[in-house]
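Peer 1: Sharing a structure below in structure tokens format, with a few things to ask.
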Amino acid sequence: MSPVPAIETNQLRKVFGNNAAVKGLTLQVRQGEVFGFLGPNGAGKTTSIKMLLGLTAPTSGVAALLGKPIGDRLALARIGFLPEHFRFQEWLTADEFLLLHGQLLNMKAGDLNARLDELLERVGLADYRNKQLRTFSKGMLQRIGLAQALLNRPALVFLDEPTSGLDPVGRRLVRDIIHELRQQGTCVFLNSHLLSEIEITCDRVAFIRHGEVVRVLEMASLSAGQSKVTIRANPLSAEMLAGLCRWGQDVQANHDHVTMTIQDESALPEVTRYLVEQGADVYAISPNRLSLEEVFIETVGRDGGL
């Protein structure tokens, strides 16, 4: 029997007046995976997360977290959340802030104190535990926010722009913590503008546009998948260019250069033989694997900036 999905939605929809912020989100996220949630500004990412967490009610559709309907208190007790725009109690010290959130989670005093020490050390803030949050930089606030999201050892964590405001060292720390969570079997639902971080952190990503999933990509397939190939050959006729379409797509010519996207680099010897048989001299073929940014642009369009 397969495990219950960490997140499962079916045609989840949210309408504000005449505007459908989320048109119909259908998604399944496995337990224990790091899942990226990508889309252009206004794609419905934040509204989707708010619906999943019970912070706003869906207009229609259904969803479940850890096998329970959204809003279920037992499920919510096993979930952590770091919002993008947090407003922490700045008059509290780091210690007091985490103690407050632990008490809200009904954690036992002994467990809470031990967990507080562990997390402050893990996010690099042990030396600042008695400092008020008003004295913290944005990066430090981001790290204390991450600590509170992990207080209850959640089975599912929502991280909305967790590396915003962090320097490279801070981003590496967050990345390492996410890897540790995966090893512990925790599912991480990650929304980030930093595609380079998503690319090296996530197991799968979903691209959404207008509140609908347009593609789900296994990150392992990205390194073994599409390549953008540059071919330098001469002469190149319109017939040759049309013939190249059998191996790839988006074939474009510029003098003695051709670029095209192929699904599998094993096709390159066939491409070379084809051009030679057609009378072209082939000087070079240079494949380059597509990055997540290039896949993002191809999937949601060049007008959809993150």
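Peer 1: Can you confirm whether residue 5 is modelled with pLDDT under 95, open to solvent by less than 80 Å² (accessible area, probe 1.4 Å), within 21 Å of the chain's Cα centre (by Cα) and over 22 Å from residue 161 (Cα atoms)?
Peer 2: yes
Peer 1: If you don't mind, another one. Tell me which of these residue 59 doesn't satisfy, since it passes every other one: (1) of a type in the set (S, T, N, Q); (2) modelled with pLDDT of 90 or more; (3) closer than 22 Å to residue 157 by Cβ; (4) surrounded by fewer than 21 Cβ atoms within 10 Å (Cβ to Cβ).
Peer 2: All conditions are met except number (3).
Peer 1: Shifting gears a bit: Which one is nearest to residue 62 (Cα to Cα) among residues in the stretch 1-12 that are of a type in the set (A, V, I, L, M, F, W, C) and in a strand (DSSP E or B)? Outline the logic, then answer.
Peer 2: Residues of the stretch 1-12 of a type in the set (A, V, I, L, M, F, W, C): 1, 4, 6-7, 12.
Checking which are in a strand (DSSP E or B) leaves us with 7, 12.
On the way: 7: 11, 12: 6 Å.
Filtering first and then ranking leaves 12.
Peer 1: Next question. Condition first: without any contact (Cβ under 8 Å) to a residue 60 or more places away in the chain, under 19 Å from the mean Cα position of the chain (by Cα) and either surrounded by fewer than 23 Cβ atoms within 10 Å (Cβ to Cβ) or in a strand (DSSP E or B) (or both). Now tell me which residues in the stretch 13-51 satisfy that. Working first, answer last.
Peer 2: Filtering the stretch 13-51 for residues without any contact (Cβ under 8 Å) to a residue 60 or more places away in the chain gives 15-19, 28, 42, 50-51.
Those left that are additionally under 19 Å from the mean Cα position of the chain (by Cα): 28, 42, 50-51.
Correct list: 28, 42, 50.
Peer 1: Among the residues of the stretch 170-195, how many are within 19 Å of residue 296 (Cβ to Cβ) and touching a residue at least 60 places away in the same chain (Cβ under 8 Å)?
Peer 2: Here the count works out to 6.
Peer 1: On to the next question. Looking only at residues that are part of a loop (DSSP other than H, G, I, E, B) and touching a helix residue (DSSP H, G or I) at 6+ places or on another chain (Cβ under 8 Å) in the stretch 106-130, which one is modelled with the lowest pLDDT?
Peer 2: Taking the candidates together, the pick is 107.
Peer 1: Let me ask something additional. Can you work out which of the residues in the stretch 73-92 that are touching a residue at least 12 places away in the same chain (Cβ under 8 Å) and not hydrophobic (A, V, I, L, M, F, W, C) is least open to solvent (accessible area, probe 1.4 Å)?
Peer 2: So the first thing to find is which residues in the stretch 73-92 are touching a residue at least 12 places away in the same chain (Cβ under 8 Å), and the list is 76-84, 86, 88-92.
Now restrict to residues that are not hydrophobic (A, V, I, L, M, F, W, C): 78, 80, 83-84, 89-90.
Values: 78: 117, 80: 3, 83: 31, 84: 59, 89: 52, 90: 92 Å².
Filtering the stretch 73-92 for residues that are touching a residue at least 12 places away in the same chain (Cβ under 8 Å) and not hydrophobic (A, V, I, L, M, F, W, C), the one least open to solvent (accessible area, probe 1.4 Å) comes out as 80.
The values are calculated or read from the model by the stated rules, or taken from the named source; none is laboratory data. Source: prediction; values computed, not measured. Cβ: placed from backbone, ideal geometry, glycine included. Neighbour counts: every protein chain shown. Side chains included, ligands, DNA and RNA excluded: accessible areas come from the protein's heavy atoms. Shrake-Rupley method; radii C 1.70, N 1.55, O 1.52, S 1.80 Å.
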